[in-house]
Amino acid sequence: MLPSQRRKNNWFPNIIFYEAHVYKLRDLIRDIQNNKWTTLERPYVPPSIVEITLAEDQSETEISQIKKGLEDLTSIKPDLASIKNGLEGLTRVKKELEELTSIKKELKGLTSLFDNFKNEVMTELNKLQTS
């Protein structure tokens with residue numbers, strides 16, 4: 001390039017934008033960091049890009065943990081159905097227990113009536129025997 005061409009600032013932008021796929025960039029950075037770079041000269045990777053790719057790795061692990069948690073929840077779903085059925089059975093048992101306690105109260109009332117009647121009959125018998 002001629003010196004006159006190099007001096008033309010409108011030919012060269014101040015900022016150059018690069019577009020890259022994150023997963024490919026992450027793979028390249030891993031290769032560079034693990035010394036698996038295949039060319040002669042190892043390229044410089046700015047720390048900000050390394051942080052971004054590490055954040056992506058962390059978000060991927062978080063996503064995988066969330067997916068695993070969802071799978072665990074779906075495996076628990078049948079157990080929840082059986083627990084719900086058990087709770088319904090417990091509510092039926094509770095209702096029956098309440099009915100039995102009300103019957104028990106009625107029986108106590110009847111036994112007290114029977115005891116009163118028995119006492120009255122005994123007193124009448126005693127009167128008849130003494131007279």
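The values are calculated or read from the model by the stated rules, or taken from the named source; none is laboratory data. If you're wondering where the values come from, they're calculated on a predicted model, not measured in any experiment. Here the Cβ is made from the backbone with ideal geometry for all residues, glycine too, and neighbour counts use every protein chain on show.
Worth pointing out:
Residues are listed down the side, and each one gets a yes or a no for (1) under 49 Å from the mean Cα position of the chain (by Cα); (2) surrounded by 10 or more Cβ atoms within 10 Å (Cβ to Cβ):
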site	(1), (2)
5	no, no
16	yes, no
30	yes, yes
34	yes, no
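- Among the residues of region 50-86, those identified as at pLDDT below 80, among the acidic types (Asp, Glu) and over 17 Å from the mean Cα position of the chain (by Cα) are 56, 57, 60.
- Sole exception among (1) more than 20 Å from the chain's Cα centre (by Cα); (2) of a type in the set (Asp, Glu); (3) in a helix (DSSP H, G or I) for residue 41, by number: (3)
- Residue within region 64-72 that is hydroxyl-bearing (Ser, Thr, Tyr) and surrounded by 10 or more Cβ atoms within 10 Å (Cβ to Cβ) present: yes
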